[in-house]
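Trainee: Got a structure here, written out as structure tokens. Questions coming.
The values are calculated or read from the model by the stated rules, or taken from the named source; none is laboratory data. The model shown is predicted, which means the values in this text are computed figures rather than measured ones. Cβ: placed from backbone, ideal geometry, glycine included. Neighbour counts: every protein chain shown. The protein model used for the area step is the full one, side chains on, heavy atoms only, and it has no ligands, DNA or RNA in it. Shrake-Rupley method; radii C 1.70, N 1.55, O 1.52, S 1.80 Å.
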Amino acid sequence: MIHLVRLLLFILLSSVAYAQDNGVIEVEITGIESAEGQMLIGLYSTADSWLKAPFKGVFGQIEDGKSKVRFADIPEGTYAISVFHDADYDGELDTFLGIPTEATGSSNNAPAKFGPPKWEDAKFTVKNTLVKQHIRL
């Protein structure tokens, strides 16, 4: 019986230690002009995957011109976030001649001048803590 208790205690402590090794990212998006549609939020883990293949992605609901989402259990590392207002629920960023017609934003409010935001401007570091990103469209 004592061995079982020790085993259970070891498993519990190991899982707590594991959870503490990962971070959480809270994202608040403001400046959303319409409640129509949804927000698509992509979390990217490398410069090579930036704006191509997200590490994780979530959909955000829009309320009162804002959307809030949370990425949990994120390993330590460097990341960047890209968001867009999917006003027509088609899951794709609408463009005209390569220029987005749906509102977009990125972590650190990296500028999108003469092309998409740069990884270097959008990246941030995650450790085993809470990271908050406020993105304004």
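Trainee: Once the piece of chain linking residue 51 and residue 33 is laid out straight, how much longer is it, given 0.36 nm per residue of separation minus the C-alpha distance between them?
Mentor: Numbers: separation 18, 0.36 × 18 = 6.48 nm, distance 2.31 nm.
Here the segment from residue 51 to residue 33 would lengthen by 4.2 nm.
Trainee: Shifting gears a bit: Tally Lys and Arg at +1 and Asp and Glu at -1 over the other residues with C-beta under 14 Å from the C-beta of residue 76: what net charge comes out? Before the final figure, lay out the partial values.
Mentor: Values: positive: 123, 127; negative: 21, 73.
The answer is 0.
Trainee: Still on this structure, please answer the following. Ordering 85, 134 by accessible area with a probe of 1.4 Å, largest first, what comes out?
Mentor: On the way: 85 15, 134 85 Å².
Ranked list, largest accessible area first: 134, 85.
Trainee: On to the next question. For every helix of n ≥ 4 consecutive DSSP H residues, a contribution of -39,500 (n - 2.57) applies; sum these over the chain, divide by its total residues, and give [θ] at 222 nm rounded to the nearest 500 deg cm²/dmol. Walk me through the numbers on the way to the answer.
Mentor: Working: 2 runs with 23 residues, N = 137.
Roughly -5000 deg cm²/dmol at 222 nm, from the helical runs in the chain.
Trainee: Out of residues 5 or more away from residue 87 or on other chains, whose amide H comes under 5 Å of its own, with H placed 1.01 Å from N in the peptide plane?
Mentor: Answer set, sorted by chain and number: 38.
Trainee: Starting from the 7 Å offset along Cα-to-Cβ, what nm value, one decimal, do you get for the label separation of residue 120 and residue 66?
Mentor: 3.4
Trainee: While we're looking at this one, here's another question. Give me the number: length gained by fully extending residue 101 to residue 89, i.e. 0.36 nm times residue separation minus the C-alpha to C-alpha distance, one decimal in nm. Show your work: numbers first, answer last.
Mentor: Details: separation 12, 0.36 × 12 = 4.32 nm, distance 1.38 nm.
Once the chain is fully extended between residue 101 and residue 89, it gains 2.9 nm.
Trainee: Name the lysines eligible as straight-distance cross-link partners of residue 127: C-alpha to C-alpha under 20 Å, and not fewer than 8 places from it in the same chain.
Mentor: Answer for residue 127, where 20 Å is the Cα cut-off: 56, listed by chain and number.
Trainee: Another one. In whole Hz, what ³J(HN,Hα) sequence does the range 64-71 give by Karplus (6.51, -1.76, 1.60; θ = phi - 60°), x for Gly and Pro?
Mentor: Along the range 64-71, the couplings run 6, x, 9, 9, 10, 9, 9, 10 Hz.
Trainee: Return one whole number: the accessible area per residue of the chain in Å², for a 1.4 Å probe.
Mentor: Numbers: 8850 Å² over 137 residues.
It amounts to 65 Å² per residue over the chain.
Trainee: Output ³J(HN,Hα) for the range 43-52: one whole-Hz value per residue in order, computed from phi by the Karplus curve 6.51 cos²θ - 1.76 cosθ + 1.60 with θ = phi - 60°, and x for Gly and Pro.
Mentor: So the Karplus estimates, Gly and Pro as x, are 9, 10, 10, 8, 5, 5, 8, 3, 6, 10 Hz.
Trainee: Once every Cα of the chain carries one equal point scatterer and solvent is ignored, give the base-10 log of I(q)/I(0) from the Debye formula at q = 0.11, 0.13, 0.20 Å⁻¹, two decimals.
Mentor: Evaluating at q = 0.11, 0.13, 0.20 Å⁻¹ gives log10 I(q)/I(0) of -0.45, -0.58, -1.15.
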